[in-house]
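*Asks:* Please find one structure pasted underneath; my questions will follow.
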Amino acid sequence: MPLFLDDEQTMLRDTARDFVSEQMPVAHMRKLRDDKSADGFSRDHWKSFAEMGFTGILIPEGDGGLGLGHVEAGVVLEEIGRNLSPSPFLTTAVAAVEALRGSAQRERWFPGIIAGETVAALAIDEKPKHNGKVAMQARRAGNGYRLSGAKQFVTHGHVADLLIVAAHVEENADVTLFAVPAGTAGVTATPERLTDASIAARVQFDDVQLDGDAVIGGEDGGEAYARLLDAARIGASAEMLGVGGGAMDMTMSYLKDRKQFGVAIGSFQALQHRAAHLYSELEVARAAVLKAQQLLDTGSEEAAMAAAVAKAMTGLATTLAVQEGVQMHGGIGMTDEHDIGFYMKRGRVLAEMFGDTNFHADAVARMAGF
(Lines give C-alpha, C1' and ligand atoms only; values in the text may rest on other atoms or scores of the structure.)
Protein backbone atom coordinates (compact mmCIF):
# COMPACT_ATOMS: atom_id res chain seq x y z
CA MET A 1 0.00 0.00 0.00
CA PRO A 2 1.39 3.42 -0.93
CA LEU A 3 2.17 5.72 1.98
CA PHE A 4 0.30 8.69 0.62
CA LEU A 5 -3.33 9.75 0.33
CA ASP A 6 -5.30 8.94 -2.81
CA ASP A 7 -7.38 11.55 -4.64
CA GLU A 8 -10.56 11.00 -2.61
CA GLN A 9 -8.69 11.07 0.68
CA THR A 10 -6.93 14.26 -0.41
CA MET A 11 -10.30 15.86 -1.18
CA LEU A 12 -11.53 14.84 2.28
CA ARG A 13 -8.41 16.36 3.83
CA ASP A 14 -8.95 19.65 2.02
CA THR A 15 -12.60 19.73 3.07
CA ALA A 16 -11.79 18.93 6.69
CA ARG A 17 -8.95 21.47 6.74
CA ASP A 18 -11.16 24.30 5.50
CA PHE A 19 -14.06 23.36 7.78
CA VAL A 20 -12.10 22.90 11.00
CA SER A 21 -9.86 25.95 10.51
CA GLU A 22 -12.89 28.15 9.86
CA GLN A 23 -15.25 26.76 12.49
CA MET A 24 -12.86 25.73 15.28
CA PRO A 25 -9.53 27.59 15.08
CA VAL A 26 -7.19 27.93 18.06
CA ALA A 27 -9.14 31.03 19.11
CA HIS A 28 -12.17 28.77 19.69
CA MET A 29 -10.20 26.63 22.14
CA ARG A 30 -8.90 29.74 23.89
CA LYS A 31 -12.46 31.07 24.29
CA LEU A 32 -13.71 27.79 25.77
CA ARG A 33 -10.85 27.91 28.25
CA ASP A 34 -11.36 31.55 29.20
CA ASP A 35 -15.13 31.04 29.55
CA LYS A 36 -14.46 27.95 31.70
CA SER A 37 -16.76 25.83 29.55
CA ALA A 38 -18.33 23.12 31.70
CA ASP A 39 -18.41 20.62 28.82
CA GLY A 40 -14.91 21.31 27.53
CA PHE A 41 -16.15 21.36 23.94
CA SER A 42 -19.00 22.86 21.90
CA ARG A 43 -22.12 20.75 21.41
CA ASP A 44 -23.03 22.93 18.43
CA HIS A 45 -19.75 22.17 16.74
CA TRP A 46 -20.19 18.46 17.44
CA LYS A 47 -23.52 18.71 15.60
CA SER A 48 -21.78 20.50 12.72
CA PHE A 49 -19.34 17.59 12.48
CA ALA A 50 -22.38 15.35 11.98
CA GLU A 51 -23.78 17.66 9.29
CA MET A 52 -20.47 17.31 7.42
CA GLY A 53 -20.75 13.51 7.72
CA PHE A 54 -17.56 13.21 9.77
CA THR A 55 -19.15 11.44 12.74
CA GLY A 56 -20.20 8.51 10.53
CA ILE A 57 -16.88 7.98 8.74
CA LEU A 58 -16.18 4.61 10.41
CA ILE A 59 -19.78 3.46 10.71
CA PRO A 60 -20.74 0.93 8.00
CA GLU A 61 -23.14 2.05 5.29
CA GLY A 62 -25.62 -0.60 6.42
CA ASP A 63 -25.82 1.21 9.76
CA GLY A 64 -26.26 4.63 8.18
CA GLY A 65 -22.63 5.72 8.08
CA LEU A 66 -20.12 6.40 5.31
CA GLY A 67 -18.35 3.04 5.56
CA LEU A 68 -14.85 4.52 5.25
CA GLY A 69 -11.75 3.61 7.24
CA HIS A 70 -9.18 4.76 9.76
CA VAL A 71 -7.14 6.50 7.08
CA GLU A 72 -10.10 8.81 6.45
CA ALA A 73 -10.82 9.21 10.17
CA GLY A 74 -7.16 10.09 10.67
CA VAL A 75 -7.42 12.82 8.05
CA VAL A 76 -10.09 14.53 10.16
CA LEU A 77 -8.19 13.91 13.40
CA GLU A 78 -5.06 15.54 12.00
CA GLU A 79 -7.00 18.71 11.22
CA ILE A 80 -8.52 18.66 14.71
CA GLY A 81 -5.00 18.49 16.10
CA ARG A 82 -3.68 21.18 13.78
CA ASN A 83 -6.29 23.62 15.10
CA LEU A 84 -6.36 22.36 18.71
CA SER A 85 -10.11 21.91 18.30
CA PRO A 86 -11.80 20.50 21.43
CA SER A 87 -13.92 17.62 20.15
CA PRO A 88 -15.15 14.17 21.22
CA PHE A 89 -14.33 12.84 17.74
CA LEU A 90 -11.48 10.58 18.88
CA THR A 91 -13.29 8.91 21.78
CA THR A 92 -16.71 8.74 20.11
CA ALA A 93 -16.48 8.54 16.31
CA VAL A 94 -13.26 6.50 16.29
CA ALA A 95 -12.59 4.42 19.41
CA ALA A 96 -16.18 3.83 20.54
CA VAL A 97 -17.38 3.09 17.02
CA GLU A 98 -14.59 0.56 16.52
CA ALA A 99 -15.49 -1.17 19.79
CA LEU A 100 -19.23 -1.22 19.04
CA ARG A 101 -18.87 -2.42 15.46
CA GLY A 102 -20.34 -5.91 15.15
CA SER A 103 -22.02 -5.63 18.56
CA ALA A 104 -25.77 -5.55 19.14
CA GLN A 105 -25.13 -2.33 21.05
CA ARG A 106 -24.44 -0.51 17.78
CA GLU A 107 -28.17 -0.35 17.00
CA ARG A 108 -28.68 1.72 20.14
CA TRP A 109 -25.70 4.06 19.90
CA PHE A 110 -24.77 4.50 16.22
CA PRO A 111 -27.78 6.70 15.29
CA GLY A 112 -26.92 9.21 18.00
CA ILE A 113 -23.25 9.26 17.03
CA ILE A 114 -24.12 9.82 13.37
CA ALA A 115 -26.46 12.67 14.36
CA GLY A 116 -23.86 14.32 16.58
CA GLU A 117 -26.11 13.90 19.61
CA THR A 118 -24.16 11.18 21.44
CA VAL A 119 -20.80 11.55 23.17
CA ALA A 120 -18.87 8.46 24.29
CA ALA A 121 -16.08 8.29 26.86
CA LEU A 122 -13.52 5.54 27.46
CA ALA A 123 -13.20 4.39 31.07
CA ILE A 124 -10.01 2.36 30.77
CA ASP A 125 -7.18 3.71 32.89
CA GLU A 126 -6.92 3.17 36.63
CA LYS A 127 -3.37 4.34 37.44
CA PRO A 128 -1.63 7.72 37.08
CA LYS A 129 -0.15 6.48 33.78
CA HIS A 130 -1.60 4.14 31.17
CA ASN A 131 -0.06 0.71 31.70
CA GLY A 132 -2.35 -1.50 29.63
CA LYS A 133 -3.58 -3.32 32.76
CA VAL A 134 -7.12 -3.54 34.09
CA ALA A 135 -7.89 -4.47 37.69
CA MET A 136 -11.58 -3.53 37.82
CA GLN A 137 -13.89 -6.49 38.41
CA ALA A 138 -17.42 -7.22 37.21
CA ARG A 139 -19.38 -9.78 39.24
CA ARG A 140 -22.10 -11.84 37.66
CA ALA A 141 -25.47 -11.08 39.25
CA GLY A 142 -28.43 -13.06 37.91
CA ASN A 143 -28.68 -12.33 34.19
CA GLY A 144 -26.47 -9.25 34.50
CA TYR A 145 -23.38 -7.85 36.19
CA ARG A 146 -22.34 -5.57 39.03
CA LEU A 147 -19.41 -3.19 38.49
CA SER A 148 -17.32 -1.74 41.29
CA GLY A 149 -14.12 0.27 41.10
CA ALA A 150 -12.72 3.51 39.76
CA LYS A 151 -11.27 4.90 36.52
CA GLN A 152 -9.08 7.93 35.90
CA PHE A 153 -8.51 10.38 33.04
CA VAL A 154 -11.83 9.62 31.39
CA THR A 155 -11.99 12.32 28.72
CA HIS A 156 -15.53 13.79 28.50
CA GLY A 157 -16.53 11.34 31.24
CA HIS A 158 -18.55 13.97 33.12
CA VAL A 159 -20.81 14.74 30.14
CA ALA A 160 -20.75 11.47 28.18
CA ASP A 161 -23.96 9.79 27.11
CA LEU A 162 -22.13 6.47 26.99
CA LEU A 163 -19.26 5.16 29.10
CA ILE A 164 -17.33 2.22 27.66
CA VAL A 165 -15.85 0.51 30.70
CA ALA A 166 -13.07 -2.09 30.74
CA ALA A 167 -13.23 -4.75 33.44
CA HIS A 168 -12.56 -8.42 34.14
CA VAL A 169 -15.54 -10.71 34.64
CA GLU A 170 -14.58 -12.61 37.78
CA GLU A 171 -12.04 -15.27 36.85
CA ASN A 172 -11.76 -14.40 33.15
CA ALA A 173 -8.29 -13.30 32.06
CA ASP A 174 -9.59 -11.37 29.04
CA VAL A 175 -10.81 -7.81 29.44
CA THR A 176 -14.51 -7.27 28.81
CA LEU A 177 -16.08 -4.00 27.67
CA PHE A 178 -19.36 -2.78 29.11
CA ALA A 179 -21.67 -0.09 27.74
CA VAL A 180 -22.84 2.05 30.66
CA PRO A 181 -25.43 4.74 29.77
CA ALA A 182 -25.34 8.16 31.40
CA GLY A 183 -27.43 8.39 34.56
CA THR A 184 -26.89 4.78 35.58
CA ALA A 185 -27.27 4.47 39.36
CA GLY A 186 -23.98 4.18 41.22
CA VAL A 187 -21.83 6.07 38.69
CA THR A 188 -20.18 9.29 39.90
CA ALA A 189 -17.97 11.44 37.66
CA THR A 190 -15.74 14.18 39.07
CA PRO A 191 -14.38 16.48 36.33
CA GLU A 192 -10.87 17.93 36.39
CA ARG A 193 -9.37 20.39 33.92
CA LEU A 194 -6.09 19.22 32.38
CA THR A 195 -3.09 21.33 31.43
CA ASP A 196 -4.40 21.87 27.88
CA ALA A 197 -7.78 23.11 29.23
CA SER A 198 -9.56 19.88 28.22
CA ILE A 199 -11.63 18.12 30.86
CA ALA A 200 -11.26 14.54 32.05
CA ALA A 201 -13.06 12.86 34.92
CA ARG A 202 -12.40 10.47 37.73
CA VAL A 203 -15.29 8.03 37.58
CA GLN A 204 -16.38 5.92 40.52
CA PHE A 205 -18.53 2.81 40.07
CA ASP A 206 -20.31 1.75 43.27
CA ASP A 207 -22.02 -1.60 42.80
CA VAL A 208 -23.42 -0.56 39.41
CA GLN A 209 -26.13 -2.94 38.19
CA LEU A 210 -26.02 -3.75 34.45
CA ASP A 211 -28.13 -6.00 32.25
CA GLY A 212 -26.54 -8.88 30.39
CA ASP A 213 -26.75 -7.05 27.07
CA ALA A 214 -24.41 -4.33 28.39
CA VAL A 215 -21.46 -6.50 27.33
CA ILE A 216 -19.77 -5.36 24.12
CA GLY A 217 -18.47 -8.21 21.98
CA GLY A 218 -18.80 -11.02 24.54
CA GLU A 219 -17.15 -11.41 27.93
CA ASP A 220 -14.48 -13.96 26.95
CA GLY A 221 -13.01 -12.74 23.67
CA GLY A 222 -11.21 -9.52 24.50
CA GLU A 223 -11.29 -8.66 20.79
CA ALA A 224 -13.46 -5.55 21.24
CA TYR A 225 -11.02 -4.23 23.85
CA ALA A 226 -8.05 -4.85 21.56
CA ARG A 227 -9.79 -3.10 18.66
CA LEU A 228 -10.69 -0.16 20.87
CA LEU A 229 -7.08 0.25 22.04
CA ASP A 230 -5.62 0.00 18.52
CA ALA A 231 -8.14 2.52 17.17
CA ALA A 232 -7.61 4.91 20.10
CA ARG A 233 -3.82 4.76 19.88
CA ILE A 234 -3.70 5.24 16.12
CA GLY A 235 -6.31 7.99 16.32
CA ALA A 236 -4.41 9.80 19.08
CA SER A 237 -1.27 9.50 16.93
CA ALA A 238 -3.06 11.13 14.00
CA GLU A 239 -4.32 14.00 16.17
CA MET A 240 -0.87 14.41 17.72
CA LEU A 241 0.63 14.52 14.23
CA GLY A 242 -1.70 17.44 13.51
CA VAL A 243 -0.53 19.17 16.69
CA GLY A 244 3.09 18.77 15.60
CA GLY A 245 2.31 19.91 12.07
CA GLY A 246 0.41 22.96 13.33
CA ALA A 247 3.28 23.92 15.63
CA MET A 248 5.78 23.50 12.80
CA ASP A 249 3.71 25.62 10.40
CA MET A 250 3.43 28.39 12.99
CA THR A 251 7.16 28.24 13.66
CA MET A 252 8.11 28.32 9.97
CA SER A 253 5.94 31.39 9.45
CA TYR A 254 7.62 33.06 12.41
CA LEU A 255 11.09 32.29 11.04
CA LYS A 256 10.15 34.01 7.79
CA ASP A 257 8.60 37.07 9.44
CA ARG A 258 10.80 37.74 12.48
CA LYS A 259 13.84 39.87 11.69
CA GLN A 260 17.11 40.40 13.51
CA PHE A 261 20.00 42.49 12.24
CA GLY A 262 17.80 43.47 9.31
CA VAL A 263 17.23 39.94 7.98
CA ALA A 264 14.68 37.18 8.61
CA ILE A 265 15.90 34.78 11.29
CA GLY A 266 14.94 31.93 8.94
CA SER A 267 18.04 32.83 6.91
CA PHE A 268 20.27 31.73 9.81
CA GLN A 269 21.81 28.39 8.94
CA ALA A 270 21.55 26.99 12.48
CA LEU A 271 17.78 27.51 12.48
CA GLN A 272 17.47 26.11 8.96
CA HIS A 273 19.17 22.89 10.08
CA ARG A 274 16.81 22.56 13.02
CA ALA A 275 13.78 23.22 10.83
CA ALA A 276 14.90 20.60 8.30
CA HIS A 277 15.44 18.06 11.08
CA LEU A 278 11.96 18.75 12.46
CA TYR A 279 10.33 18.37 9.04
CA SER A 280 12.09 15.03 8.52
CA GLU A 281 11.01 13.67 11.90
CA LEU A 282 7.37 14.62 11.31
CA GLU A 283 7.38 13.01 7.85
CA VAL A 284 8.72 9.74 9.25
CA ALA A 285 6.02 9.84 11.94
CA ARG A 286 3.40 10.58 9.28
CA ALA A 287 4.42 7.44 7.37
CA ALA A 288 4.19 5.36 10.56
CA VAL A 289 0.69 6.66 11.31
CA LEU A 290 -0.57 6.05 7.78
CA LYS A 291 0.84 2.52 7.75
CA ALA A 292 -0.87 1.76 11.07
CA GLN A 293 -4.19 3.10 9.76
CA GLN A 294 -3.93 0.97 6.62
CA LEU A 295 -3.15 -2.18 8.59
CA LEU A 296 -6.06 -1.58 10.95
CA ASP A 297 -8.39 -1.05 8.01
CA THR A 298 -7.34 -4.39 6.47
CA GLY A 299 -7.64 -6.28 9.76
CA SER A 300 -3.97 -7.20 9.76
CA GLU A 301 -2.46 -9.03 12.74
CA GLU A 302 0.38 -6.48 12.56
CA ALA A 303 -1.94 -3.59 13.41
CA ALA A 304 -1.18 -3.72 17.15
CA MET A 305 2.57 -3.38 16.61
CA ALA A 306 2.03 -0.68 14.00
CA ALA A 307 -0.17 1.23 16.47
CA ALA A 308 2.60 1.09 19.08
CA VAL A 309 5.19 2.27 16.54
CA ALA A 310 2.95 5.14 15.45
CA LYS A 311 2.22 6.29 19.01
CA ALA A 312 5.87 6.15 20.02
CA MET A 313 7.11 7.98 16.92
CA THR A 314 4.50 10.71 16.94
CA GLY A 315 5.19 11.23 20.63
CA LEU A 316 8.84 11.90 19.85
CA ALA A 317 8.23 13.99 16.72
CA THR A 318 5.46 16.13 18.19
CA THR A 319 7.40 16.76 21.37
CA LEU A 320 10.29 17.96 19.20
CA ALA A 321 7.94 20.16 17.16
CA VAL A 322 6.37 21.94 20.12
CA GLN A 323 9.63 22.36 22.00
CA GLU A 324 11.40 23.78 18.95
CA GLY A 325 8.38 25.97 18.32
CA VAL A 326 8.46 27.54 21.77
CA GLN A 327 12.24 27.96 21.71
CA MET A 328 12.45 29.47 18.22
CA HIS A 329 9.72 31.95 19.11
CA GLY A 330 11.91 33.18 21.93
CA GLY A 331 10.43 35.08 24.86
CA ILE A 332 7.02 35.55 23.24
CA GLY A 333 6.69 31.78 22.97
CA MET A 334 6.54 31.59 26.77
CA THR A 335 3.54 33.92 27.04
CA ASP A 336 -0.12 32.98 27.24
CA GLU A 337 -0.92 35.59 24.59
CA HIS A 338 0.84 33.56 21.89
CA ASP A 339 -0.74 30.37 20.59
CA ILE A 340 2.43 28.26 20.30
CA GLY A 341 2.32 27.35 23.99
CA PHE A 342 -1.10 25.77 23.56
CA TYR A 343 0.42 23.31 21.09
CA MET A 344 2.94 22.21 23.71
CA LYS A 345 0.17 21.65 26.27
CA ARG A 346 -2.07 19.69 23.91
CA GLY A 347 0.85 17.63 22.65
CA ARG A 348 1.75 16.74 26.23
CA VAL A 349 -1.75 15.47 27.03
CA LEU A 350 -2.04 13.45 23.81
CA ALA A 351 1.40 11.95 24.39
CA GLU A 352 0.13 10.43 27.66
CA MET A 353 -3.20 9.18 26.32
CA PHE A 354 -3.35 5.40 25.77
CA GLY A 355 0.37 5.00 26.54
CA ASP A 356 3.36 7.31 26.20
CA THR A 357 6.46 6.87 24.03
CA ASN A 358 8.31 4.73 26.59
CA PHE A 359 5.31 2.43 27.07
CA HIS A 360 4.96 1.82 23.35
CA ALA A 361 8.69 1.49 22.66
CA ASP A 362 8.73 -1.26 25.29
CA ALA A 363 5.62 -2.83 23.72
CA VAL A 364 7.30 -2.92 20.30
CA ALA A 365 10.38 -4.58 21.80
CA ARG A 366 8.25 -7.20 23.57
CA MET A 367 6.22 -7.97 20.43
CA ALA A 368 9.48 -8.32 18.50
CA GLY A 369 10.70 -10.92 21.01
CA PHE A 370 13.16 -8.87 23.02
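*Asks:* Which three extents, in whole angstrom, do the alpha-carbon atoms of the range 120-249 cover along their principal axes, largest first?
*Replies:* Computed over the Cα atoms, the extents are 57, 29, 23 Å.
*Asks:* Taking R0 as 25 Å, what's the FRET efficiency between residue 188 and residue 51 from their Cβ-Cβ distance, rounded to 0.05?
*Replies:* For residue 188 and residue 51, the calculated efficiency is 0.15.
*Asks:* Something else now. Using +1 at the C-beta of Lys and Arg and -1 at the C-beta of Asp and Glu, which of 118, 59, 75 has the Cα lying farthest in the positive direction of the dipole of the range 7-146?
*Replies:* The listed residue farthest towards the positive side: 118.
*Asks:* Tell me, what is the FRET efficiency for residue 27 and residue 323 to the nearest 0.05, using R0 = 25 angstrom and their Cβ-Cβ distance as r?
*Replies:* That pair, residue 27 with residue 323, gives E of 0.60.
*Asks:* Quote the charge dipole size of the range 177-220 about the Cα centre in Debye, to the nearest 20; the model charges only the Cβ of Lys and Arg (+1) and of Asp and Glu (-1).
*Replies:* 320 debye
*Asks:* Taking 0.36 nm per residue of sequence separation and subtracting the Cα-Cα distance, how much length would be gained by fully extending the chain between residue 3 and residue 270, in nm to one decimal?
*Replies:* Separation in residues times 0.36 nm, less the Cα-Cα distance, equals 93.1 nm.
*Asks:* Would you mind putting 80-86, 341-347, 223-229, 143-149 in packing order, based on average other-beta-carbon counts within 10 Å, highest first?
*Replies:* By packing density, highest mean first, the sequence is 80-86, 341-347, 223-229, 143-149.
*Asks:* May I pose another question? Over 21 Å between Cα atoms, which of 133/345; 129/311; 31/345; 36/127; 47/129 qualify?
*Replies:* Beyond 21 Å: 133/345; 36/127; 47/129.
*Asks:* Mind ordering 308-317, 56-65 by average Cβ neighbours within 10 Å, highest first?
*Replies:* 308-317, 56-65
*Asks:* Then there is this: Using only Cα positions of the range 1-97, each an equal point scatterer, no hydration layer, compute I(q)/I(0) via Debye at q = 0.17 Å⁻¹ and quote the log10 values to two decimals.
*Replies:* Values returned for q = 0.17 Å⁻¹ are -0.74.
*Asks:* Given the options 247, 321, 275, which has the most mean-square fluctuation in a GNM of the chain, springs set between C-alpha atoms less than 10 angstrom apart?
*Replies:* Top of the fluctuation ranking is 275.
*Asks:* Using a 10 angstrom cutoff on alpha carbons, build the Gaussian network for the chain and name the most mobile of 295, 163, 77.
*Replies:* Highest fluctuation of the listed residues: 295.
*Asks:* Here's something else I'd like to know. Tally up the carbon and sulfur contribution to the accessible surface of the range 24-108 as a whole percent, 1.4 Å probe, everything protein left in place.
*Replies:* 49 percent
*Asks:* Over all directions, what mean area does the Cα convex hull of the range 48-205 project, stated in square nanometres?
*Replies:* Result: 9.8 nm².
*Asks:* Another question, if that's okay. Using modelled backbone amide H atoms (1.01 Å from N, in-plane), which distant-in-sequence or interchain residues come within less than 5 Å of residue 216's amide H?
*Replies:* Result for residue 216 returns 177, 178, 179.
*Asks:* Using all C-alpha to C-alpha distances in the chain, build P(r) with 20 Å bins and read off the rounded percent in each one.
*Replies:* With a bin width of 20 Å, the distribution comes to 30, 58, 12, 1.
*Asks:* Next question, about the same structure. So, for the chain, what is the accessible surface per residue at a probe of 1.4 Å, expressed in square angstrom?
*Replies:* For the chain, the solvent-accessible area averages 43 Å² per residue.
*Asks:* Taking the Cα-to-Cβ direction at residue 358 and at residue 335 and moving 7 Å from each Cα, how far apart do the two end points lie in nm?
*Replies:* It is 3.5 nm.
*Asks:* Something else: Go through the range 100-114 residue by residue and turn each phi into a ³J(HN,Hα) via Karplus (6.51, -1.76, 1.60, θ = phi - 60°); whole Hz please, and just put x for glycine and proline.
*Replies:* 7, 4, x, 9, 5, 5, 4, 5, 7, 9, 4, x, x, 5, 4
*Asks:* Estimate the FRET efficiency between residue 135 and residue 38 by the formula 1/(1 + (r/R0)^6), using the beta-carbon distance for r and 35 Å for R0, to the nearest 0.05.
*Replies:* Plugging the Cβ-Cβ distance into 1/(1 + (r/R0)^6) gives 0.70.
*Asks:* Further question: Quick check on the range 112-180: what does the Kirkwood estimate of hydrodynamic radius come out to from the alpha carbon pairs, in Å?
*Replies:* By the Kirkwood definition, the hydrodynamic radius is 12.9 Å.
The values are calculated or read from the model by the stated rules, or taken from the named source; none is laboratory data. Just so it is clear, the model here is predicted, and its values are computed rather than measured. Note that we place each Cβ from the backbone using ideal geometry, even for glycine, and neighbour counts take in every protein chain shown. Areas reflect the complete protein model, heavy atoms only, side chains present, ligands, DNA and RNA absent. Shrake-Rupley method; radii C 1.70, N 1.55, O 1.52, S 1.80 Å.
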